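A short worksheet on the structure shown next.
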Amino acid sequence: MSHVVTAPSPVVLPVVGGGSWPVRRVYCVGRNYEEHAKEMGFTGREPPFFFMKPADGLMHVPEGTVGAMPYPPGTANLHYEMELVAAIGIGGANIKAADAMKHVWGYAVGLDMTRRDLQNDAKKQGRPWEIGKAFDASGPIGSIVPATRAGNPSSAAIELKVNGVVKQSSTTAKLIWNIAETIEHLSAYWRLEPGDLIFTGTPEGVGAVVRGDVMEGSVAGVAAISVKMV
Ligand code: MN
C-alpha cells in the first residue's frame with residue numbers, strides 16, 4: 001500500500017565509532033537537580049515527572065561544529081537547559097533500578113531548549129507544556145556515545161557556557177533521581193523500547209539566550225555540543 005502523503009523522514013543520529021541510532025521517543029525529566037528545582041520555586045524533593053519532545057524536534061549537532069538553531073517563534077524568553085541524555089538499547093516495562101543500567105546502550109549531550117514564558121503561562125493556566133518544550137529544533141543533541149566509550153556519566157562534570165561565560169556548572173552525581181532510578185519510574189508508566197532517549201534534567205543556572213549567542217555545553221568524558229542562535 002503506498003502512502004497518500006509524503007512520509008516523514010526517520011529520525012536518526014550518528015553513533016560515535018560507527019553506525020546510527022534510530023530515535024523512537026524522547027522523554028525528559030523535569031526538575032531533577034535540587035538547586036534547579038529551587039530556582040524554579042520547588043523544594044527539590046518531589047518524585048520525578050516526565051514530559052516528551054517530538055523525535056523530529058531534535059537537531060543533531062556533530063561534535064566540533066557549531067549548530068545553527070533558529071530562534072523559535074512566539075517567545076521572548078528562550079532558555080537553555082544543558083542535560084545528559086541516556087539512550088535505551090533494550091526495552092522493558094517495570095524495570096527495577098538495580099537492573100536498569102543493562103538497558104542503557106549509550107549517552108549523548110543535549111539541550112532542552114524551553115520557551116520559558118510560554119511554559120510559565122501553561123503552568124499558571126494548568127495547560128500542557130508542549131508549547132514551551134516540544135517545538136521544532138527544541139532539542140539540539142550530539143551523536144550517541146556508546147556506554148563503553150562514555151567514561152562515568154553518573155559522576156561527571158556538566159557545564160554550559162554562553163558566549164564563553166560559565167552559566168551552568170554541576171555534576172551528574174547531583175541528579176535527584178539517577179539514571180537507574182529514573183528508568184525505574186519512567187518504565188512504570190511507559191514501556192521503554194530500543195531507540196528511546198531520556199533527557200535527564202538540568203542543573204541550576206538556566207537563563208535566556210538571544211540571536212547571536214553561542215552556547216557550549218559538555219558532560220565530561222561523554223561529549224560536547226556547540227550551538228549558535230540564529
Ligand atoms: Mn529539562
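The values are calculated or read from the model by the stated rules, or taken from the named source; none is laboratory data. Since this is a predicted model, take the numbers as computed values, not measurements. In this analysis, Cβ positions are derived from the backbone assuming ideal geometry, glycine residues included, and neighbour counts consider all displayed protein chains.
Checking each residue of the range 27-44 against the condition of being away from the ligand (no atom under 16 Å from the Cβ) and either surrounded by fewer than 19 Cβ atoms within 10 Å (Cβ to Cβ) or within 18 Å of the chain's Cα centre (by Cα) (or both) gives at least one match. The condition (being touching a helix residue (DSSP H, G or I) at 6+ places or on another chain (Cβ under 8 Å) and not in a strand (DSSP E or B)) is satisfied by just one residue among T65, T75: T75. Do we find that S154 is free of Cβ contacts under 8 Å to residues at least 40 places away in the same chain and not in a strand (DSSP E or B) in this structure? Spelling it out, S154 is indeed free of Cβ contacts under 8 Å to residues at least 40 places away in the same chain and not in a strand (DSSP E or B). Out of L118, L192, one residue alone is in contact (Cβ under 8 Å) with a residue 40 or more places away in the chain and within 23 Å of E35 (Cα to Cα). It is L118.
Every residue, every condition in (1) among the β-branched types (V, I, T); (2) in contact with a strand residue (DSSP E or B) (Cβ under 6 Å, 6 or more places away or on another chain); (3) modelled with pLDDT under 95, yes or no:
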site	(1), (2), (3)
A173	no, no, no
W190	no, no, no
G205	no, yes, no
V209	yes, yes, no
G212	no, no, no
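One residue stands out in the range 1-40 among those that are assigned to a strand (DSSP E or B) and at pLDDT below 95: the one that is farthest from T148 (Cα to Cα), namely G30. Looking at A156, A150, A137, just one residue is more than 16 Å from the ligand (Cβ to nearest atom), hydrophobic (A, V, I, L, M, F, W, C) and within 24 Å of V214 (Cα to Cα), and that residue is A156.
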